[in-house]
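These notes are about the structure you will find just below.
Read the figures in this text as sums done on the coordinates, not as results from a lab. The shown structure was predicted, so the numbers you read here are calculated from the model rather than taken from an experiment. Here the Cβ positions follow ideal geometry from the backbone for every residue, glycine too, while neighbour counts run over all protein chains shown.
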Amino acid sequence: MRHERNGSYDPGMSWYAMNQAMAELHLAANRDLFASDPERYLSRFELTDAEGAAIRGKDVLGLWDLGAQPYILRAFQRRNGISDEDFNTALAERTYEDRVTR
């Protein structure tokens with residue numbers, strides 16, 4: 001599921017695909033497909049193994065550390081039944097500045 005350009009891995013394209021995979025869950029049909037067959041839903045996006053696993057696992061902290069766009073991550077959290085408390089707890093020790101320098 002890795003995106004390759006001219007034979008080399010392009011992390012920028014992967015980052016975009018990860019955020020796009022989460023953002024497109026705003027459509028009910030995509031949410032239904034993701035709920036029933038996450039592999040099929042995610043196969044449309046060129047994700048790294050880590051990105052796919054974090055989305056499948058609804059791993060807020062993992063997605064944050066992979067560079068998820070904060071507003072898209074928040075919408076992903078709400079659309080997937082992750083409580084505000086769990087979301088905030090997962091990110092309690094993270095700051096945007098920490099993520100940018102990772």
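About its Cα centre, the dipole of region 4-100 is roughly 320 debye, where the only charges are +1 on Lys and Arg Cβ and -1 on Asp and Glu Cβ.
Given their separation in residues at 0.36 nm each and the Cα-Cα distance between them, S36 and Y16 gain 4.8 nm when the chain is fully extended. Counting beta carbons within 10 Å around each of Y16, Y41, Y96 and listing the fewest first gives the order Y96, Y16, Y41. Based on Cα atoms of region 4-100, Rg over Rh with Rh as the Kirkwood radius reads 0.97.
When each of the peptides 69-76, 46-53 is scored by the mean number of other C-beta atoms lying within 10 Å of its residues, the order from highest to lowest reads 46-53, 69-76.
Taking every Cα-Cα distance in region 51-98 and sorting them into 5 Å bins starting at zero, the pair-distance distribution P(r) comes out as 5, 22, 39, 26, 8, 1 percent. With a simple spin-label model that places each label point 7 Å from the Cα along the Cα-to-Cβ direction, the separation between D49 and D86 comes to 2.6 nm. Distance between the 7 Å Cα→Cβ label points at Y71 and T95: 2.3 nm.
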